[in-house]
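Asker: Below: one structure in structure tokens.
The values are calculated or read from the model by the stated rules, or taken from the named source; none is laboratory data. Bear in mind the structure is a predicted one, so any value in this text is a computation, not a measurement. Every residue, glycine among them, receives a Cβ derived from its backbone with ideal geometry; neighbour counts consider all protein chains shown.
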Amino acid sequence: MKAMVFAAGRGERLRPLTENLPKALISVAGRPMIEYPLLLLRHYGITEVIINLHYLGDEIREYLQDGRRLGLRIAYSEEKELLDTGGGLLQARAFLEDGTFIVINSDVIIDLPLTELLKSHRGRGGIATLVLRPDPQADRYGAIEISRDLRIRRFLDYKAPQWQSAGPLTKYMFTGVQLLEPEVFHYMEPEAAGAPAKFGTTKVTYPKMLTRGESLHGFPFSGYWQDTGTPERVREAEEKLTRGEVKLHYLQSRQ
């Protein structure tokens, strides 16, 4: 299985830390934040990874190079302009479209059991499985609601057909991790031939899939998850990891 890690963003919320350093290379408890998703992938034998680059991308490439130091094989997708998550995926289509693949943000630290995620995804036979987490502020930041069979019935302001007959729904938030089949690219065609494909998966692709009745599933996850997109959240993650309050399972056997 292959993977894509998003690392093209400017890291505006992390300024001034990102004035001269790309967000992906900001240190969190002694290692650049992008190493956390990369080491998670390696732990589960996912070694073929593509990383999208834009802002200070040469520094990310210089640091990671071909990935051999981390036991990976890394390719890069250069974006002349930021393409957002959907456009970034679409540009990397040739690398990803030969089988199931996982997508994760570079500013996410998550202690995720990928074997369980893959089992859930394949057992339900859908095109996309989004890793979700409980959050009391889900309504404020963007709730995703799933039924007992783990199908997503409401995605932000969008509803699946016959969603009211699905029974009680449970609210979650998206973690930034998703397991996808190549068929997802059918919902990512650019609007005009030759135009840059700049769009988000959460704003365009997944709502389109949901409203057309496509099978879109959630994977509820209650373990450790931390967004490291602001200085405050970086400090929070550093404190928990340094104190040993959080021990990531994929770092225990091999450093």
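Asker: Would you point out which residue out of ARG61, ARG153 is surrounded by 14 or more Cβ atoms within 10 Å (Cβ to Cβ), under 20 Å from LEU216 (Cα atoms), basic (Lys, Arg) and in contact with a strand residue (DSSP E or B) (Cβ under 8 Å, 6 or more places away or on another chain)?
Answerer: Checking each option against the conditions leaves just ARG153.
Asker: Within the bounds of the range 67-82, is there any residue that is assigned to a loop (DSSP other than H, G, I, E, B), among the polar types (S, T, N, Q) and either out of contact with any Phe, Trp or Tyr (no Cβ under 7 Å at 6 or more places or on another chain) or modelled with pLDDT under 95 (or both)?
Answerer: Looking for residues that are assigned to a loop (DSSP other than H, G, I, E, B), among the polar types (S, T, N, Q) and either out of contact with any Phe, Trp or Tyr (no Cβ under 7 Å at 6 or more places or on another chain) or modelled with pLDDT under 95 (or both), one finds none in the range 67-82, hence no.
Asker: Take the range 63-120 and flag every residue that is within 15 Å of the chain's Cα centre (by Cα) and among the acidic types (Asp, Glu).
Answerer: If the condition is that a residue be within 15 Å of the chain's Cα centre (by Cα) and among the acidic types (Asp, Glu), then ASP84, ASP107, ASP111 are the ones that fit.
Asker: Continuing with the same structure: Which residues, counting only those in the range 32-81, are among the basic types (Lys, Arg) and within 16 Å of ILE102 (Cα to Cα)?
Answerer: Residues satisfying the conditions are ARG42, ARG73.
Asker: Sticking with this structure for a sec: Given the residues GLU214, GLU181, GLU145, GLU236, which is the only one that is without any contact (Cβ under 8 Å) to a residue 12 or more places away in the chain and either at positive phi or out of contact with any His (no Cβ under 6 Å at 6 or more places or on another chain) (or both)?
Answerer: Numbers: GLU214 fails: without any contact (Cβ under 8 Å) to a residue 12 or more places away in the chain; GLU181 fails: without any contact (Cβ under 8 Å) to a residue 12 or more places away in the chain; GLU145 fails: without any contact (Cβ under 8 Å) to a residue 12 or more places away in the chain.
Sole residue among the options that is without any contact (Cβ under 8 Å) to a residue 12 or more places away in the chain and either at positive phi or out of contact with any His (no Cβ under 6 Å at 6 or more places or on another chain) (or both): GLU236.
Asker: Hey, among THR47, THR100, THR115, which residue is farther than 25 Å from GLY200 by Cα and in contact (Cβ under 8 Å) with a residue 60 or more places away in the chain? Give the derivation first.
Answerer: Details: THR47 fails: in contact (Cβ under 8 Å) with a residue 60 or more places away in the chain; THR100 fails: farther than 25 Å from GLY200 by Cα.
Of the residues listed, the single one that is farther than 25 Å from GLY200 by Cα and in contact (Cβ under 8 Å) with a residue 60 or more places away in the chain is THR115.
Asker: Can you name the residue in the range 174-196 that is in a loop (DSSP other than H, G, I, E, B) and hydrophobic (A, V, I, L, M, F, W, C) and, of all such residues, is modelled with the highest pLDDT?
Answerer: By that ranking, first place goes to MET188.
Asker: Assigned to a loop (DSSP other than H, G, I, E, B), surrounded by fewer than 18 Cβ atoms within 10 Å (Cβ to Cβ) and touching a Pro at 6+ places or on another chain (Cβ under 7 Å), is that true of GLY223?
Answerer: Here the answer is no, as GLY223 does not meet what is asked.
Asker: Moving to a separate point now. Please pick out the residue among LEU39, LEU56 that is buried (at least 18 other Cβ atoms within 10 Å of the Cβ), of a type in the set (A, V, I, L, M) and closer than 18 Å to ILE104 by Cβ. Write out each step before concluding.
Answerer: Working: LEU56 fails: closer than 18 Å to ILE104 by Cβ.
Just a single option satisfies the conditions, and that option is LEU39.
Asker: Let me ask something additional. Find the residue count for the range 4-28, including only residues that are assigned to a loop (DSSP other than H, G, I, E, B) and surrounded by fewer than 19 Cβ atoms within 10 Å (Cβ to Cβ).
Answerer: Applying the first criterion (assigned to a loop (DSSP other than H, G, I, E, B)) to the range 4-28 yields 7-11, 15-22, 26.
Okay, now just the ones that are also surrounded by fewer than 19 Cβ atoms within 10 Å (Cβ to Cβ), so 10, 15-17, 19-21.
Residues meeting the conditions: 7.
Asker: Oh, and also: When you go through (1) at pLDDT 95 or above; (2) under 28 Å from LYS208 (Cβ atoms); (3) of a type outside the set (Asp, Glu) one by one for GLY87, which number turns out not to apply?
Answerer: (1)
Asker: Please go through (1) within 29 Å of ARG233 (Cβ to Cβ); (2) assigned to a strand (DSSP E or B); (3) not aliphatic (A, V, I, L, M) for ARG153 and return the number of the only condition it doesn't satisfy.
Answerer: (1)
Asker: Sticking with this structure for a sec: Which ones in the range 7-21 are over 13 Å from THR228 (Cα atoms) and without any contact (Cβ under 8 Å) to a residue 60 or more places away in the chain?
Answerer: Matches in the range 7-21: PRO16, GLU19, ASN20, LEU21.
Asker: With respect to LEU114, determine if the residue is at positive phi, in contact with a Phe, Trp or Tyr (Cβ under 9 Å, 6 or more places away or on another chain) and not polar (S, T, N, Q).
Answerer: no
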